[in-house]
1. Can you list the lysines whose alpha carbon is less than 27 Å from that of Lys129, not counting same-chain residues fewer than 8 positions off?
2. Top mean-square fluctuation among Thr12, Thr75, Thr125, Gaussian network model of the chain, C-alpha springs under 10 Å?
3. Considering Cα pairs under 8 angstrom that are at least six residues apart, work out the relative contact order of the chain and quote it in whole percent.
4. Is the shape of region 1-81 rounded, prolate or oblate, going by the alpha carbon gyration tensor and its root eigenvalues a ≥ b ≥ c, with a/c under 1.5 for rounded and a/b larger than b/c for prolate?
5. Just to be sure I understand: with springs between alpha-carbon atoms less than 10 Å apart, which residue in Lys34, Lys139, Lys128 has the highest mean-square fluctuation in the Gaussian network model of the chain?
6. Per residue of region 6-12, in order, report the coupling 6.51 cos²θ - 1.76 cosθ + 1.60 (Karplus, θ = phi - 60°) as ³J(HN,Hα) in whole Hz, putting x for Gly and Pro.
7. Per the helix-only calculation at 222 nm, which mean residue ellipticity applies to the chain, given -39500 (n - 2.57) for every DSSP H run of n ≥ 4 and division by its residues, nearest 500 deg cm²/dmol?
8. Counting only other residues whose beta carbon sits under 11 Å from that of Pro100, what net charge do I get with K and R as +1, D and E as -1?
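The values are calculated or read from the model by the stated rules, or taken from the named source; none is laboratory data. Worth saying up front: this structure is predicted, and the values here are computed from it rather than measured. Positions of Cβ are generated from backbone atoms using ideal geometry, with glycine treated the same way; all protein chains shown enter the neighbour counts. The accessibility values were calculated without ligands, DNA or RNA, using every heavy atom of the protein model including side chains. Shrake-Rupley method; radii C 1.70, N 1.55, O 1.52, S 1.80 Å.
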Amino acid sequence: MQTTVTKKENGTAVFSIEVPYDELRPHLERAATKLATERPLAGFRPGHVPYDQAVRVFGEAVILEHAAEDAVRATLGKALDENTLETFGQPQVSIKKMAPGNPLAYNAEFTLIPEVTLPNWREITGSKKTIYVVDAEVKKVVDELRRSLATE
């Protein structure tokens, strides 16, 4: 599996992943078994169809389409483990190349957790502002409260 990571300025990272056909083969066989379970073939027990027979009946493109989701989930997890980027949320996955007998290539765009550097809190200074309240202001606020809460 080849992985390329590109960081963008908008706080996202794009993982470009290419899965060789050899690594894709177990996912294809699992997808063929699942398809054979959902749509049983005459002469075979559900889920026990040889891969070659499943390809002949369902077509390699259909099996590849079902296997792509499983392969993306498995390889994307490995790619995230290999890189030290901290991501969150669901990725936006776009398949770039998916053809029978060829490697699977896709991009996954993640949102990155922003890097925050805090200043030394001991160096932060501030000035205390003193507030003076005049008796006339207090009387004015009390009179406004009496008027607003008065009942008829």
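1. Within the straight-line cut-off, Lys129 pairs with Lys139, Lys140.
2. Its mean-square fluctuation being the largest, the pick is Thr125.
3. On the way: 162 pairs, mean separation 39.1, N = 152.
Value for the chain: 26 percent.
4. Values: a/c = 3.43, a/b = 3.11, b/c = 1.10.
Prolate, because a/c is 1.5 or more and a/b exceeds b/c.
5. Evaluated over the chain, the most mobile residue of the options is Lys139.
6. 10, 8, 9, 6, 8, x, 10
7. Details: 4 runs with 64 residues, N = 152.
So the calculated ellipticity at 222 nm is -14000 deg cm²/dmol.
8. So the environment of Pro100 carries a net charge of -2.
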